[in-house]
Amino acid sequence: MSLRILHLTDLHIDSINLFSRNYVRNIEILRMNLNLLSPDVVIISGDIVEFGEGILAKSNYEILNDLFYYSDGIFYFDREMKIPLYFVPGNHEYGTLFKFSLKDIPNYRSFIGSEFLNYYVDIKNVRLIFLDTGYDYSYSFHLHNLMIPSSEGVGLFKHQLEFLEDALKNSSNTNIIITHHPFLSPKNGIQEDVFILGREEFQRIITSYDVSLILSGHTHKNRVFDNGSNLITSFPLVAKGVGPYHVQTGSIGKDGYYRMIEVRDQTVIVYDAENCEDYLTYNTQEDEEVSVFDESY
């Protein structure tokens, strides 16, 4: 039994086209190539919209409703509604057009659903656990020479960590955690652009239970680290019985990046991130079988 996951992040739907312009085009390129990619499920790990609250924010979510398909409480990536689409909030869902950060996301709750904040989904032999790492949380002015620091996320509160541990305790599946802010994002010896609160407890939990991957976005970078912050440079990464690996994927909305992940029994295969424009040429190859997957595993 296998599960193919299409990991997208940082869609940044922007109804005024001031910050982001290519989000519709990039999604449509992937949708045209679904036969090539063959995902069973699609994940968007935050920053779905450029700004989620305040003036004009609802128009961003209205574009989301037009871009994807919805039935019986679930979004789907494809018109046939066979490929479910799951979200987790990012810091931009908490933000306004004027870059103020709020502490609640009523528009996300209304358009996507309050049940899609901290939750898990079992698909085939995989448990996907989604955690909301929250709004912008600037904590380290002294590390940035008194300049305004880059955005960290507020992090995970006690009830979220308890939910995570319970989800892992009763799981016999391959476990994958999805957050917007990464847990590991090292730069010059400092973890930047990560979530802040609950880090020690989160580390205890992910090393106490069988967690294969942590998928995130936020950094707009394509990077994978092992749990010791060592950068992985050889792909595909085949993970079996070790982990967790920390997987960051670049922005689909702004830069066209996506990543495929495949779970085969107890083996997890992480492919290198790709740019969706690379697959435009395949649209004319109707008679040729093309696969992006290494079938040797």
For this session: Can you find, among Y61, N91, M81, the residue farthest towards the positive end of the dipole of segment 55-103? Put +1 on the C-beta of Lys and Arg, -1 on that of Asp and Glu.
Result: N91
For this session: Place +1 on the Cβ of every Lys and Arg and -1 on the Cβ of every Asp and Glu in the chain, take the dipole about the Cα centre, and give the residue among I190, I16, G256 whose Cα lies farthest towards its positive end.
Result: I190
Problem set entry | Amide hydrogen neighbours beyond the local backbone of Y69, cut-off 5 Å, H modeled | Y76
For this session: For the chain, give the percent of accessible area contributed by carbon and sulfur heavy atoms, probe 1.4 Å, rounded to a whole number.
Result: 48
Exercise. Of K169/K221; K187/K254; K82/K124; K124/K221, which pairs sit farther than 25 Å apart, going by alpha carbon to alpha carbon?
Worked result: K169/K221; K124/K221
Problem set entry | Where GluC sites (Glu not before Pro) in DSSP loops with at most 12 other Cβ within 10 Å are excluded, longest remaining stretch of the chain | 81-285
Exercise. Using a 1.4 Å probe, what is the accessible area per residue for the chain, in Å²?
Worked result: 44
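The values are calculated or read from the model by the stated rules, or taken from the named source; none is laboratory data. Just so it is clear, the structure is predicted and the values come from calculations on it, not from any experiment. Here Cβ is always computed from backbone atoms with ideal geometry, including for glycine, and neighbour counts include all displayed protein chains. For the accessible areas, the whole protein counts, side chains as well, though only heavy atoms, and no ligand, DNA or RNA atoms are used. Shrake-Rupley method; radii C 1.70, N 1.55, O 1.52, S 1.80 Å.
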